[in-house]
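Here is the structure we will look at, set down as structure tokens.
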Amino acid sequence: MPGYQLGITPAGSATKSDLITVVYSDTTLALNCYAGSVAGAGGATAANNGITFNATGNVVTFTAPVSPPPSSCVMPPGIAYPQALNNTVNGLQAGDVLLFGPNASGVAYVGEITTAPAASGAAATPGSQYAYTFANGDTLNLNQAGAANNMTKLAPAGGGQVASLQANRIYIITYYLANWVDAGGNTTIILYRQVNGQPAVPLVDNIANLQFTYDTYDASGDLLNQTGDGGESLGVSPNLIRKVNIAHLTIHGQVYGTKSSLMATQGFQSFDVQTSISARNASFNNRY
């Protein structure tokens, strides 16, 4: 998702910096196995462990499946039974974002966990339950109780279990520049990485610029090269982005030892990274 000129204006720059957000699905936590009545081996039906909603629809309880799990339970290699959802390695925690659905009515929902069970080293067993709250006021403002697209659209009236409703953790990762001011009042521009609703993590300091362009297509199939907003101003879907270009990732580094060049005489030199990466074709349709 392009964030054209949504960042800060770095010192010495005439334009605002860009930010970029990448979203992908978690494939390491077998949350899909906590997903209701599904066909087991030989056509047998596994015990119903559908996702359960409380009466207000914003507390969700996941129940571990039977053992061995049904054949539709997809797990990472080397795992014989789904991990506990509060495990200490990759368990769900406050700030994580889950994608629910679609349900039988075609409704899907994305919400941020605000309260989670304490992390534990205990393994999951059939019937183990884990409850998570999706309250308003979350970091990303995804949870909107009372809004037309709130989580209760997935929940039965008065709460209860929804058989075969799927849930998956997704990662919403944003890269952006921000100013950091030390105790002496000195400002350093830092490249940050934020994952879901977790606190942003500094990656690299002394960044001077961050800009992206996108190669995409419009609805008529015309190629749009190096657009700053990925075609958003023209109504182009992000699904049509084919290539992401890092136009500028400029780093200032302090120079030690002999200083000879113009930049080096100031104690710093600049290093500008420019590269491109192809994006997955999110608009592909098999017509055959």
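Can you tell me how much longer the chain between residue 135 and residue 79 gets when fully stretched, taken as 0.36 nm per residue apart minus their C-alpha distance, in nm with one decimal?
Details: separation 56, 0.36 × 56 = 20.16 nm, distance 3.23 nm.
Full extension of this stretch gives 16.9 nm more.
Return the single residue from 276, 237, 105 with maximal mean-square fluctuation; model: Gaussian network over the chain, springs between Cα atoms under 10 Å.
Result for the chain, Cα springs under 10 Å: 105 fluctuates most.
Counting only other residues whose beta carbon sits under 15 Å from that of residue 227, what net charge do I get with K and R as +1, D and E as -1?
Numbers: positive: 242, 243; negative: 18, 215, 218, 222, 229, 232.
Taking every Cβ under 15 Å from that of residue 227, the sum is -4.
Say R0 is 35 Å: what FRET efficiency, to the nearest 0.05, do residue 13 and residue 119 get from their beta-carbon distance?
0.25
Comparing 236, 162, 110, which has the greatest mean-square fluctuation in the GNM of the chain with Cα pairs linked when under 10 Å apart?
Sorting by GNM fluctuation, first place goes to 236.
Between (1) 1.06; (2) 0.96; (3) 0.93, which matches Rg/Rh (Cα atoms, Kirkwood Rh) calculated for the structure shown?
Only one option fits the structure, namely (1).
Counting only C-alpha contacts under 8 Å and six or more residues apart, can you give the relative contact order of the chain as a whole percent?
Working: 678 pairs, mean separation 49.8, N = 288.
Here the relative contact order equals 17 percent.
Tally Lys and Arg at +1 and Asp and Glu at -1 over the other residues with C-beta under 12 Å from the C-beta of residue 216: what net charge comes out?
On the way: positive: 242, 243; negative: 215, 218, 222, 229, 232.
So the environment of residue 216 carries a net charge of -3.
Note down the net charge around residue 90, summing +1 for each Lys or Arg and -1 for each Asp or Glu among other residues with Cβ under 13 Å from its Cβ. Working shown, then result.
On the way: positive: 169; negative: 26, 96.
After counting each charged neighbour, the total is -1.
Between 84, 219, 167, find the one with the highest GNM mean-square fluctuation for the chain; connect C-alpha pairs within less than 10 Å.
So, out of 84, 219, 167, the one fluctuating most is 219.
Mind running the shape call on the stretch 170-223? Use the C-alpha gyration tensor, a ≥ b ≥ c as the square roots of the eigenvalues: rounded below 1.5 for a/c, prolate if a/b tops b/c, oblate otherwise. Don't skip to the end; give the middle numbers.
Details: a/c = 4.73, a/b = 1.94, b/c = 2.44.
Oblate, since a/c reaches 1.5 and b/c is not below a/b.
Which value, in debye to the nearest 20, gives the size of the charge dipole of the chain about its Cα centre, when Lys and Arg are +1 and Asp and Glu are -1 at the Cβ? Let's see the in-between values first.
Working: 9 positive and 13 negative charges, 81 e Å.
The dipole magnitude comes to about 400 debye.
Just from its helices, what would the mean residue ellipticity at 222 nm be for the chain, if runs of 4 or more DSSP H residues each count -39500 (n - 2.57) and the sum is divided by every residue, rounded to the nearest 500 deg cm²/dmol? Don't jump to the answer; show the numbers that get you there.
Numbers: 1 runs with 4 residues, N = 288.
That calculation yields 0 deg cm²/dmol at 222 nm.
Which whole-number percent is the relative contact order of the stretch 22-171 (Cα, under 8 Å, 6+ apart)? Don't skip to the end; give the middle numbers.
Numbers: 356 pairs, mean separation 51.4, N = 150.
Over the stretch 22-171, the number comes to 34 percent.
The numbers here are math on the coordinates, done by the rules we state, and not lab data. No experiment lies behind these values; they were computed from the predicted model shown. Here Cβ is always computed from backbone atoms with ideal geometry, including for glycine, and neighbour counts include all displayed protein chains.
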